[in-house]
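The structure under discussion appears below in the form of structure tokens.
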Amino acid sequence: MYIIPMLIVVSFVSFIVISLPPGDYMTTVQNRLTSQAGMSQDQARAMAERMRSQYGLDQPFMLQYLNWIKNIVLRGDFGFSFQYNRPVSDVIWGRLGYTFLIALSAHIISVLIGVVVGIYSATHQYSFGDNIATVFAFIGLSIPNFFFAIVIMYFLSFKLNMHVGGLFSSEYVFAPWNWAKIVDFLQHFWVPVFVVGIAGTAQNMRIMRGNLLDELQKQYVQTARAKGLTERVVIYKHAVRNAIQPLIMYLGMSLPFLIQGAIVSSIVLQLPTTGPAFYNALLSQDMYLAGSFLLMLAVTLVIGNLLGDILLAQIDPRVRYE
Amino acid sequence: MPEQEKETKFLTHKELIWRRFKKNRLGMLGAFVVILLTLISLFAPFFSPYDHNATDNNKAYLSYQQIHFFDEEGNFHFRPFVYSLKQEFDEETWERVYVPDTSEKYFIKLFTRGWEYELFGLIESDLHLFGVDEGATLHLFGTDELGRDLLSRIIFGGRVSIAIGILGSMITAVIGSLVGGISGYFAGIVDSILQRVIEMIRMFPTLPLMMGLSAAIPVTWSPVIILIAVMFIMIMVRWTDMARQIRGKVLSYRKQEFVEAAKAAGGGDFYIITKHILTNCTSHIIVVTTLAIPQLILAESSLSFLGLGIQPPMVSWGVLLSKATNLQTIGQYPWIMTPGVVILITILAFNFLGDGLRDAADPYG
Amino acid sequence: MKSFSKKLSVILVLLLVFSMSFTVLAQDDRALLGKLDMDEVIQFTNLDSYNEAPELKEMVENGELPPLEERLPSTPLVRQSETMVDGAGIYGGVWRDTFAVPIDGWNWGAGNVQGYFGIHQILHESPLLRGEMWKLNQPDPVPNLATDWEWTDDGKTLVMNFIEGAKWSDGEPFTTEDIAFTYNDLILNEQITSTATADDWTYGGEVTELEVIDDTTVEWHFGAEYPMSALSYFDRNNFPVSPKHVYERFHPAYTADANYEDYPTAIPAHDVPIVTMGAWVPIRYSAGEQLVMVRNPYFWQVDEAGNQLPYMSEVRFMEAESGETRTNNLVSGEGDRTNLENPSTFAMVRQESLKEDSNFTMSFGPFTSMYRLEMNLSKDYGVSDDREAELRKLFRDKKFRQALSHAIDKEALSSGAFPGPLTKEYHGAYPDGSVYHSDENTTVYDYDPEKAKTILKEEFGFEDTNDDGILNWPEGTAVAGDELIIQLKTNEDSAASVQASEALVPMLREVGINIRLQVLSGPNNTARTDSGDFDLNVARNDQVGTPYYFMDLVGPISSSTPGYHQEGSENPRELLPFEQEIADLLQELRLTRTAEERTDILHEIERIYTENIYTIGLYQLRQGLAINNRFKNIPSDLPPYLYDYMVNAMPIQIIWVAEEDQYDELFLDEIPLEDAYSGTEWSSK
């Protein structure tokens, strides 16, 4: 299929994009040497120069790119991160885990809550509860991700005097996984999940409500009621089943978007996930790391779409003959 | 007596849509707010009580303006007024404190004379919607660290953000429609190639791609050029959505009779695409464009917020919010977060409007 | 009667003076600035008995560790009680800190970064240390691994003695072999990017030669007489000692199949524990999360009672994405200290400290940090068009620099940053807190916009020909008629620099100059400075108060300093006459032998510097520290930065916590022994 050549183009474009800003990673190093280590300008500059030739950053662009690709394809080696002084794969895998955890949790919770609230809203249309839910849904859909993160941070830090940031309190980082550690983790974890999931919850709620309302108008519902089935069976066994289908179909496709949403929020909340690492890599021209991130995210998107298509084809036979 | 015949009215497509739209209260609300925001953006200097770049050290980090209706002795005044504020330093908290001077009342006036500006580079004026006399200040949303009026900065920032949203969406629509139209109409190889290109672009997650591209913008460029570059990047990443949707519709239209008829009448391909097929998609295009506006505003805000989009001294809502990441800043000066609320309202309004249009244009969809 | 009342008044006066001096003395016994002699800070002595932490005692009893006398050097470094404002400490407790730079790896000899934020001060030991110089009445570098030194009569050889019998944290002996390895095989070795270079050690055209006499003595042979500034290269910044017995197996000079490409990554960040001479040893590191260090059983310093240091058992550093998190952590109680460097945070931290349940105290040092406006004085380096060429001509003219200085309201900048007394205007070469600053030597060109306008008009012929508020270039210049536009760049990571730069724009517009502001990311900012591609630069600096150690901040000590007048690659640099004077004085400074000579030269430099407006000072500020209340032995006037950062200025190994306030240690049973070291990847290579 076209996937392989497209991936090549993607990687090339990623690499170009990453190397466009002037300077390279060594200028970041030099900057740090003067501001953090108290080195004099001269020494910092000289040291950066030496490291530059050491890491081959003074080689021509195509050479660097080809080396990178060669290593990925032949050895699964995504290059070296200057910032973390480790292979890129180490940096990414470590953080990808938490990113997926947050995105996945946010996804699941947003589906669960969205569906439940959607059902309630549809069955109690125009009631007070429905109106409140609708208002929240609209706000949840429209609020900028990063702004929401800021507001939450503000409330937690200054109104509730909680500690915000990171996934663990300092005592639990190396502690074995006991109950206390789980509690500590959850206390930190719910914030990013909440922030990332809010938009998804709102979306799901509205879709569920709309779909269910549509279903409840349909012929078969009337028939079922006429047959004497209880309202509850009518709703849950029949209407909801049909209403929920479109939602399921698009489950696979929304995961990449959640990962993206997690990026900006985690920069604000300063979590050890892909978002801040990618952002910092961009700013400091840690090109192999940034390029690999872009590549990984694109791959995730492709896989997500593929899964979504497969799921779609399974569920809806009409689609198969597209 | 002759029977009164009911007149059969034929409503055009547009009038039908308008009727349906009027019934949607949220949609109307959205439309109202959008029009208001657009007006304010167009005539930004008129609505801004202060020059958004004017600094005033003596009024740094002022909180929301206190407007009074009751004076010191408890007398009620119909017209609202403010007191002049003097900056002092609190030895205990190390904060700036602003002490009102209650000896004189400054009434808020409409259509005042204030700072000079040139509207659209043509009309010179110093007329503003509201303000107070010299001697006191009217900072409805407070000020930032240099004493600049936050409301004025939000208004001018809105100009940039909304312009990017509207202009960006329109250009995206044009490009997307054309490409989608061409792709769907010609089908075959042309379609295949264009689809591959679209898929390639869509392979990239939008935000990270925009971040990567924006990081490459040289900061030596003037702020206006950077603005154009940012808009360019967003358009480049987003036109694919429109293209796919239009292509789908065009594919279904191309076999229809009116197209055959146009061909038989000797119409050129381009003519058929634009005049016939796309006009049938108009309502669809308008809806998608309207719904794309808030997405662009959101994208621009996110980029500028991260320092990758619009660069100071130009202001946009994202730039204003980038000061609000600092936990210490928002703890002490929470009004700095106000632009976020404004973004929220704007996006809500556009979403309502877009939803309303969609429901009106295609109630069965 | 008369004589009696006279006597009475004399007695009363005497009593008054006596009691006043009493209160003065009683007030400041926790203040140490400039108070002590060198032997009131440290001495190397043999004590009668020694004592160790309970957890170590237990390990000795179990046979896991050799007894204390065998672990300490025969003559350990004894920290004097004059430096302990709360007295000798008790064992136990945790220090919790935060860092925001990723750890590259542990090979500091090859330039690896271990996160800064205090970690370097803990782990890196060097022959001398500047950290405690602030306590001395005669500030000279303090002995550390080097116990004493002497110049030979001809001034070209420095005989240096090192501590005897000290051991690395794995029990292996520390000797002059480690010094020689660090100097010859790392610093002088061009294939390894170390913390200093041969150029730094070149005097009189010759690279300094190191001769190892025996296990504890070396001789440094210089190419010039009495190159006193060489002593500043023995500090932890430039000479952190690497353990030869660990690194020789990675070094091509000692191991056949080693290579230079792999040397820097010899010990990656996760591969702990590592070998150090510092007070604590890193034993756990989870990237992005936390670094844990426990006490070093072989630490070679004790207090006057013979207690082996450090008092605290454990150090935990949380890793964050940005430096601000350190302040947030302190305020929320997760962290134990922060440096207060950004004036916009002062008020918030102050209010937190006033709360009833607040558990930290704030203190501010002298005026040591400053913001200044630098003008690019290079005639053609980085010049790409006529406008820039003409601008450089302007900058090189003292009258123009004077006009700029008159246009800037420094008091407004200072109060804009912070409205209280922790900031003030800055006119000098050195900030007020520097011992080298004196107001008499400082020429002030104060805020006077009218004068600025007059100078621009009458001296240079600038006029606003199109009446838009911006001056136009006069006839005779290559850009005659154009608007006077000047670019100003600054680092976006420094919020205060950005704020000061933004405030400058309307000030300069007032006199008709159109400033185009560019707020650049750190790397971009550095790149533009390096390439000379800028007009004006707003920079912050903390080190210019100790110019003897940072001569590049004051004048042309080399071809690429100062940053605002560098030598380009094509044409030689044309120093302005006063710059040449400063350059000559700096070369003299490198060879001065006494503190008086140094002071005289630096005074003279300040005079020339400010009279000729080398840079335009903006404002200076007092940096602060906020430290959790439970710690003892923190001097009341501890500077956040003076010669070195606070971790070495305290120094951290004499800090202790009362038993009831101690936090639980979590890793007492992980003090690294032989099997811990041999279990690492690096030890088995």
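The values are calculated or read from the model by the stated rules, or taken from the named source; none is laboratory data. Quick caveat: nothing in here was measured; it's all calculated off a predicted structure. Reconstructed Cβ throughout: ideal geometry from the backbone, glycine too, with neighbour counts over all protein chains shown.
List of remarks:
- Selection from the range B:224-240 of residues that are touching a residue at least 24 places away in the same chain (Cβ under 8 Å), within 21 Å of the chain's Cα centre (by Cα) and crowded, with 18+ Cβ neighbours inside 10 Å: B:Ile226, B:Leu227, B:Val230, B:Met231, B:Met234, B:Ile235, B:Val237, B:Arg238, B:Trp239
- Number of the exception - C:Val383 against (1) buried (at least 18 other Cβ atoms within 10 Å of the Cβ); (2) in a helix (DSSP H, G or I); (3) aliphatic (A, V, I, L, M): (2)
- Some residue of the range C:566-583 being of a type in the set (Phe, Trp, Tyr), within 13 Å of chain A (Cβ to nearest Cβ) and either crowded, with 21+ Cβ neighbours inside 10 Å or more than 24 Å from C:Thr490 (Cα to Cα) (or both): no
- Being away from every other protein chain (no Cβ under 12 Å), among the charged types (D, E, K, R) and crowded, with 19+ Cβ neighbours inside 10 Å holds for only one residue in C:Asp235, C:Asp185, C:Asp215, C:Asp257, and it is C:Asp185.
- Pair list, Cβ under 9 Å, 6 or more apart: the range A:87-106 residue within 11 Å of chain C (Cβ to nearest Cβ), other residue among the polar types (S, T, N, Q) and assigned to a helix (DSSP H, G or I): A:Val91/A:Ser292; A:Arg95/A:Thr274; A:Tyr98/A:Ser266; A:Tyr98/A:Thr274
- All positions within the range C:544-563 that are among the hydrophobic types (A, V, I, L, M, F, W, C) and assigned to a helix (DSSP H, G or I): C:Met551, C:Leu553
- When the range C:495-550 is filtered for residues that are farther than 24 Å from A:Leu282 by Cβ, in contact with a Ser or Thr (Cβ under 9 Å, 6 or more places away or on another chain) and basic (Lys, Arg), the ones remaining, listed by number, are C:Arg516, C:Arg540.
- Checked against (1) farther than 30 Å from C:Thr83 by Cβ; (2) outside any loop (DSSP other than H, G, I, E, B); (3) among the polar types (S, T, N, Q), C:Gln566 passes all but condition (2).
- Out of A:Phe138, A:Phe146, A:Phe100, sole residue that is part of a helix (DSSP H, G or I) and crowded, with 23+ Cβ neighbours inside 10 Å: A:Phe146
- Residue that is more than 13 Å from chain A (Cβ to nearest Cβ), in contact with a Phe, Trp or Tyr (Cβ under 9 Å, 6 or more places away or on another chain) and crowded, with 21+ Cβ neighbours inside 10 Å, where the choices are C:Arg372, C:Arg316: C:Arg372
- Hey, A:Leu289 more than 10 Å from every other protein chain (Cβ to nearest Cβ), at pLDDT below 70 and either buried (at least 24 other Cβ atoms within 10 Å of the Cβ) or at negative phi (or both) or not: no
- Where C:Ile613 falls short, out of the listed (1) touching a residue at least 40 places away in the same chain (Cβ under 8 Å); (2) more than 20 Å from C:Asp432 (Cβ to Cβ); (3) crowded, with 17+ Cβ neighbours inside 10 Å: (2)
- For B:Leu298, the criteria (1) modelled with pLDDT of 85 or more; (2) more than 29 Å from B:Tyr253 (Cα to Cα); (3) more than 14 Å from chain A (Cβ to nearest Cβ) hold in every case but one, which is (3).
- Output for the range C:217-261, where each listed residue is touching a residue at least 40 places away in the same chain (Cβ under 8 Å), part of a loop (DSSP other than H, G, I, E, B) and of a type in the set (Val, Ile, Thr): C:Val241
- Condition broken by B:Phe111, with the remaining ones in (1) without any contact (Cβ under 8 Å) to a residue 60 or more places away in the chain; (2) more than 14 Å from chain C (Cβ to nearest Cβ); (3) surrounded by 12 or more Cβ atoms within 10 Å (Cβ to Cβ) satisfied: (3)
- Residue within the range C:308-320 that is farther than 23 Å from C:Met650 by Cβ and over 26 Å from the mean Cα position of the chain (by Cα) present: no
- Restricting A:Leu289, A:Leu229, A:Leu271 to residues that are outside any helix (DSSP H, G or I) and farther than 19 Å from A:Val193 by Cα narrows the list to A:Leu229.
- In the set (1) part of a loop (DSSP other than H, G, I, E, B); (2) modelled with pLDDT under 90, the condition left unmet by C:Tyr614 is number (2).
- Yes/no for B:Glu88 being exposed (fewer than 14 other Cβ atoms within 10 Å of the Cβ), in a strand (DSSP E or B) and facing chain C (nearest Cβ under 9 Å): yes
- Residues that are surrounded by 12 or more Cβ atoms within 10 Å (Cβ to Cβ), charged (D, E, K, R) and more than 30 Å from A:Ser265 (Cα to Cα) within the range A:199-231 comprise A:Asp214, A:Glu215, A:Lys218, A:Arg225, listed in sequence order.
- Boolean, C:Phe299 is away from chain A (no Cβ under 14 Å) and over 22 Å from C:Met59 (Cα atoms): no
- Summed over the range C:192-212, residues that are surrounded by 15 or more Cβ atoms within 10 Å (Cβ to Cβ) and either touching a strand residue (DSSP E or B) at 6+ places or on another chain (Cβ under 8 Å) or part of a loop (DSSP other than H, G, I, E, B) (or both) total 11.
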